[in-house]
Structures are given as structure tokens and as C-alpha cells.
Amino acid sequence: MNLFEARHLSKRFGGIQAIADLSFEVRQGEFLGVIGPNGAGKTTLFNLITGCAQPSGGQMLWKGQTLAGLRPDQIARRGIVRTFQITRVFPRLSIHRNLEIAHHLQRTRGNAAAVARSIESLLEFFGFATRREIIADTLPYGDRKKLSVALALAADPQLLLLDEPVAGLNEVESAEMADVLRRIKARGVTQVLIEHDMKFLMGLCDRVLCLDFGTLVAQGSPQEMRLDADVIRVYLGQEDQPC
């Protein structure tokens, strides 16, 4: 079943065509990767899906219903939540307080006891249970990255959009993040991943889209994408990274 569909989606910024006639679907339960060189339109796509920008043309459908005109908070309440390239946490607050604030969507849908149970579950899931009172800004960078994913998960998403979750992480921290994302998938959360670390992305994703100048160049399994001549030409051939 398709959770999300883009149909002939486009976005212009003045004379710049950031997204051009883009059509694709996100299937329930899958881990979808989005790759492409800088300026390919990847982050713009996330901005459109989450209502941070409005399309110039085309349709976006969530479970068959249009997302047109909805604000970011309305889209989040429907189950689409994102992370950002720049880690966004509340730096002067504790891990526990960060998660309390991040549960504002759930507080409008459930009771205090359910929210408390959810916070405890996330503290355990991300390995923060014994460090709950540590101030977020004092955490190692890899843990701040994990906390930003935890804050997104606190909104109880059905579709989680991840914008470069391992940017700036070392090999050990990247492996820890990969484990977190696999366990999130095991919880039934569909994920879409933008990432320049091809080894990381190809090791996680069921299917991959390649964008170039806002257009869909190719899509397929990680193995198919490694061998696709267009993908190699526009992206993989430009990066000295093993896949």
C-alpha cells in the first residue's frame, strides 16, 4: 500500500526550477533512500512534503488525501514528521525535558500517563534512561543526533523523513545510528532517508530514488542503483565513496 504519492510535483524559486515534474510513491513499511548531487532538490522535496514550502504545481497525497494547503503542524498531526540537516534539540534542557516538550502532539491526543510511558520507552530505546537529566548541549555530537531522531519519534510518526542523519558522525557513531534506524523500521515506521554517505544509505534502504536538478533520474534497489549508468553519471561517479 502507498502511504504517500507525489504526482507531477514541481517547485520554482523565481527563475530556478528546484523540483520538476516529479512523481513517485512511498510504500508502507519500506525504507526509501533519496540521493543526488548538491542542488538536486532533495531538501526542497522534504520541505514540500512537510508543508514548509508550497508546491508550484502537482499533487501530494497522504493515504489518498491531498496535503494541499496544510500547515506543517497539520501535516505532522497526520503522521508525517522530519528531522533536519542541522541538529535541532533544546540545548539548555535535559534529555527528559526535551522529550516532554516533543510530546506536545501526543498530549493533545492522549492522557498524561500514556505520555509518561512513551517518554520512558524512548529513553530506553535510545539508551538515554540513565542519562535523562544530562543537558542536551553537553552530549557528544552523535548522541545529539540520536536525540533529534528521538524528538521526531515522540510525535508518533507513520512516515519519518530523515535529512542527513549521519552528517558529521564518525564510523562508530554512524553504525549506532544505523542500528537505531533499523529498530525504528522494526516498529513499523516507514522512513525516507536523504544521505550523502552511500555506504550507510545503501546498507539500510529497500529502494532508492536518484534526483538531478529536481527530476527523477532513476529508481530501484540499492544493487540496481549501483549499476545504473545514469546514477553513476550524475552522482556516484562524482563521489569517491564506496557503495
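Between the amide H of VAL192 and those of LEU32, LEU160, LEU161, LEU162, distances stay under 5 Å, these residues lying 5 or more places away or on another chain, with hydrogens modeled in the peptide plane. In this label model, ALA112 and ARG183 are separated by 2.9 nm, measuring between points 7 Å along each Cα→Cβ vector. Residues whose amide H comes within less than 5 Å of that of ILE35, counting only those at least five positions distant or on another chain, are LEU209, CYS210, LEU211 (H built at 1.01 Å from N in the peptide plane). Comparing Cα centroids, region 157-218 and region 67-132 end up 20 angstrom apart. For region 83-192, which trypsin sites (Lys or Arg not before Pro) are in a loop by DSSP, counting at most 14 other Cβ atoms within 10 Å? For trypsin sites (Lys or Arg not before Pro) across region 83-192 that sit outside H, G, I, E and B with at most 14 neighbouring Cβ atoms in 10 Å, the list reads ARG88, ARG92, ARG109, ARG187.
Normalised by 2.2 N^0.38 Å, with N the number of residues, the alpha-carbon radius of gyration of region 115-187 equals 1.07.
The equivalent ellipsoid of region 85-156 has semi-axes of 20, 12, 10 Å, largest first, where each one is the square root of 5 times an eigenvalue of the Cα gyration tensor.
Overall shape of the chain was characterised from the C-alpha gyration tensor. The equivalent ellipsoid obtained from it has semi-axes of 30, 22, 15 Å, in decreasing order.
Here, each number is a calculation from the coordinates, and none is a lab measurement. On a predicted model such as this, the values are computed, not experimentally measured, just so you know. Cβ atoms come from the backbone with ideal geometry, glycine included; neighbour counts cover every protein chain shown.
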